[in-house]
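Accompanying notes for the structure given below.
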Amino acid sequence: MVKVGDGLTLGLYSAERSLVDMVRLRHREGAEIAWEALRRWLRRKGARPAALIEIARSFRGAENAVRHALEVVL
């Protein structure tokens with residue numbers, strides 16, 4: 001956590017954790033934004049889809065959502 005002023009803190013996570021959150025919360029900003037972020041991440045050297053699934057297992061219902069997202073963009 002990083003303090004950003006006036007008692008506000010901001011959590012810093014890995015790219016993989018951020019993508020899992022984007023997929024889980026895609027109803028807030030739209031699925032297309034999550035899919036595009038996932039596409040960009042997959043183009044990065046060293047991107048491991050299995051790492052997303054690993055992290056997603058920690059969140060109820062997220063594993064299936066991440067698997068579906070990977071199917072959509074791949």
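All of the numbers you see were taken from the coordinates with simple rules; none came from a lab. Given the structure is predicted, the values throughout are model-derived calculations rather than measurements. Note: ideal-geometry Cβ built from the backbone for every residue, glycine included; neighbour counts use all protein chains shown.
Remarks
- Qualifying residue in segment 2-24 (condition: at positive phi and part of a strand (DSSP E or B)): yes
- Per-region count, segment 37-48, residues assigned to a helix (DSSP H, G or I), free of Cβ contacts under 8 Å to residues at least 24 places away in the same chain and surrounded by 11 or more Cβ atoms within 10 Å (Cβ to Cβ): 2
- Whenever a residue of segment 6-24 is aromatic (Phe, Trp, Tyr), its partners that are not in a strand (DSSP E or B), lying with C-beta atoms within less than 8 angstrom and at least six residues away or across chains, give the pairs 13/21.
- When we screen 60, 28 for residues that are outside any helix (DSSP H, G or I), surrounded by fewer than 14 Cβ atoms within 10 Å (Cβ to Cβ), without any contact (Cβ under 8 Å) to a residue 60 or more places away in the chain and of a type in the set (D, E, K, R), the only hit is 60.
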